[in-house]
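Have a look at the structure below, then the notes.
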Amino acid sequence: MLGPVTRGVIKGKMSQKGKALLIRGGRIIDPSQGLDEVGSLLISEGKISWLGSEEITPPRSNYDVLPADGLIVCPGFIDLHCHLREPGDEEKETIASGTLAAAHGGFTTVCCMPNTTPPLDNRATIEYVRSKAATDGVVRVLPIGCISKGRNGKKLSSLSEMTSAGVVGYSDDGSPVMDSGLMRRALEYSRASGLPVIDHCEDTRLTVGGLMNEGVVSTRLGLRGIPAVAEEIMVARDLALAQLTGGWLHIAHVSTEGSVELIRRAKDKGVRVTAEVTPHHLTLTEEMVVGYDTNAKVNPPLRTEQDIQALIEGLRDDSLDIIATDHAPHSEADKQCDFALAPFGISGLETALGSLMRLVHDNQLSLVSLIAKLTCEPARIIGDKHGKLGTLAIGASADIAVFDPSQDWLVDTKVFASKGKNTPLAGAKLKGKVMATICQGKLVYKDESVKL
Ligand code: DOR
C-alpha cells in the first residue's frame, strides 16, 4: 500500500535539474519493489523523492503536475542491445538521433553495440562514445566492447582496458565468433571480470547467402534460407563453453524454439546464462518477407508462429530473461534495393512498446512481466556499477516511462526521431503508446496530448 509520506519526504523546492515534478494519479508498476498501485510520484533534484496515494498528494505550488489518470507509470525501459552507429555510420544514426528515438520509445538507458566504424574494441573508442553520449545523448548510453580486435574473430580485444573504461559486456554482434578457442578465452575472461559475453549465435558455414528463415516460405519466394540450426548449433556450443569455463554467457536475439529449449536445459543444470528476445521476433513471422519488403530482412531472421509461441513461453518461465530491441537503423538508400543486397536490420526503439503490448492484450504475457523484462531484469544484468537502474525506489535516479496501455496509433516513420525508417510495421496500427519519458529527472519526451 502506498502510505502518506512513508516512502520519502517531499522536498518540493526548485532543483538543480529544474522544478520538481509530480506525476499524479497513474497506475504505478514497479516490479523491482512488487509495486502495482494507483498513486503519485514526485521527482526532485533528478531523483525519485516521494511516492504516495493519489488523495494525499503534496501541495501544488512547488512542482509541476503531469496528470497520469488511466496511464501506466513505471521505471524507464532499459535496452541491452541497440545500434547507435556512431562513430562512422552517422548517415544511419547518431548518438543524438538514436537516444532521442529511445526517449520516444520510453527507454532511459540504452546499451550500444560495438559494430561501428571503427569498432569499439579499445579504451579510446569506448571513451569516445561515453563522452559523445555525455554531450549529445538524451538518455543514458552504456557501451558494449568488442570480443575480438576489429570484430574479425581472430584475437581477443583489449577486454581489461574496456572493462575499466566502463563497458557493460563484450560482443561481436553482427558477426559470430566462429573460433571456439577464442570464445572459450572470452568466457574465461568474463568469469574474471564479472561481465557477460553477449553472443550473436550463428554458424556462418550454414548461413552463406541466407536471406530469410529457411522453410516453405523461403522456397516459395525463391530466397536462400537461414536454418534454425545455424543459431542452435552455436547456442549449444557456447552453453557448453560457459559450463566449462564458468563464464557468463548472454545470448542475444534468441529466435528459435530449439534455442529456448537449449537455454532452459542449461539453466536447469546451473550454467551461467542469460538471454534476450526482440519485439520483432516475438510478434512477426517470416510471412512479413512475402512481397520482398527489405525492411523485414533482419538477422536472425523472422521465424515461424511455432517459434513465436516458444519464445513467449520462454519469457513466461524465465528461460528468456529480458526483451531487447536490437534497434538496427539503416538509411533508406541502403534498404531501397534488391532483397539480396539490402543490409539486415529493423529500426525498433519507437515501436517496441506498441508491438509488445499485443502480447498483453492477447493475454499471452502479464503487464507486470512485460515491464519487468524491460526494466528490473535488464538492470540486474547491467548491475549497480552505473547507478541503481530499473527501479522507482526512493532515492533512485528518476528514470520513468509513462504510457497509455490501450491507445491505438499508426506507425508513421516520417515522425520517427530515429534516422532509421526501416520497419516492416510502417502504417501498422499498434495499441499502447508512450506518453512521456523522464531521464535523470529531465522530461526528455512528451506526447503532444500530454498537458503540463
Ligand atoms: O539484423 C541485424 N542488424 N542483425 C545484426 O546482428 C546486426 C544488425 C546491424 O548492425 O544492422
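Starting from the Cα of Lys429, step 7 Å along the direction of its Cβ; do the same at Ala340; then give the gap between the two resulting points in nm.
3.9
Treat the chain as a sphere of radius equal to its Kirkwood radius over Cα pairs and apply Stokes-Einstein at 20 °C in a medium of 1.002 mPa s; give the translational diffusion coefficient in µm²/s, rounded to a whole number. Present the calculation step by step, with values, prior to reporting the outcome.
Details: Rh = 22.0 Å.
Translational diffusion coefficient: 97 µm²/s.
Between Asp36 and Lys388, take the C-beta separation as r, use R0 = 25 Å, and let me know the FRET efficiency to the nearest 0.05. Each step should come with its number before you reach the end.
Values: r = 20 Å, r/R0 = 0.80.
Efficiency for this residue pair is about 0.80.
Go from 0 up to the bin containing the longest alpha carbon distance in region 16-119, width 10 Å each, and give me the % of pairs per bin.
All Cα pairs, binned at 10 Å, distribute as 14, 34, 26, 18, 7, 1 percent.
Cut-off under 25 Å on the C-alpha distance; same-chain residues fewer than 8 positions from Lys442 excluded. Which lysines are left, in chain and number order?
Within the straight-line cut-off, Lys442 pairs with Lys11, Lys13, Lys17, Lys19, Lys47, Lys132, Lys373, Lys385, Lys388, Lys419, Lys433, Lys451.
Hey, fewest Cβ within 10 Å first, where do Phe77, Phe344, Phe403 land in order?
Working: Phe77 31, Phe344 17, Phe403 26.
Ascending number of Cβ neighbours within 10 Å: Phe344, Phe403, Phe77.
Need the full-extension length gain, Ala240 to Thr219, defined as separation in residues times 0.36 nm minus the C-alpha distance. One decimal, nm.
Working: separation 21, 0.36 × 21 = 7.56 nm, distance 3.31 nm.
Taking Ala240 through Thr219 to full extension adds about 4.3 nm, to one decimal.
Can you tell me the orientation of helix 228-245 relative to the chain, as the angle in degrees between its alpha-carbon axis and the longest Cα principal axis, to the nearest 10?
80
Simple spin-label model, 7 Å along Cα-to-Cβ: Lys19 to Val415 in nm?
2.6
Label-point separation (nm) for Glu332 and Ser160, each offset 7 Å from Cα along Cα-to-Cβ?
About 5.0 nm separates the two model spin labels.
Quick one: helix 180-193 against the long Cα principal axis of the chain, what's the angle to the nearest 10°, folded into 0 to 90?
Compared with the principal axis, the helix lies near 30 degrees.
Based only on the alpha carbon positions, what is the Kirkwood hydrodynamic radius of region 52-185, in angstrom? Don't jump to the answer; show the numbers that get you there.
Details: mean 1/r = 0.0603 Å⁻¹.
Every distinct Cα pair counted, the radius reaches 16.6 Å.
Based on DSSP H runs of at least 4 residues, each adding -39500 (n - 2.57), what is the mean residue ellipticity at 222 nm of the chain after dividing by all its residues, to the nearest 500 deg cm²/dmol? List each step's numbers first, then the result.
Numbers: 13 runs with 126 residues, N = 452.
Counting only the DSSP helices, I get -8000 deg cm²/dmol.
Rounded to a whole number of µm²/s, how large is the Stokes-Einstein D of region 199-334 at 4 °C and 1.567 mPa s, given Rh as the Kirkwood radius over C-alpha pairs? It would help to have the intermediate numbers written out before the result.
Values: Rh = 15.2 Å.
This corresponds to a translational diffusion coefficient of 85 µm²/s.
Would you give the gap between the C-alpha center of region 225-291 and the C-alpha center of region 319-343, rounded to a whole Å?
Centre-to-centre distance over Cα atoms comes out at 18 Å.
For region 106-264, build the convex hull from the C-alpha positions and give me its volume per residue in Å³. It would help to have the intermediate numbers written out before the result.
Numbers: hull volume 21.5 nm³, N = 159.
Taking only Cα atoms, region 106-264 has a hull volume of 135 Å³ per residue.
At a 10 Å Cβ-Cβ cut-off, how would you order Arg85, Arg130, fewest neighbours first? It would help to have the intermediate numbers written out before the result.
Details: Arg85 27, Arg130 16.
Starting with the residue having the fewest Cβ neighbours, the order is Arg130, Arg85.
Roughly how many whole Å is it from the C-alpha centroid of region 155-170 to that of region 65-88?
Measuring centre to centre over Cα atoms gives 26 Å.
Rule-based calculations on the coordinates, nothing more; no lab input. Source: prediction; values computed, not measured. We place every Cβ from the backbone using ideal geometry, glycine too, and count neighbours over all the protein chains shown.
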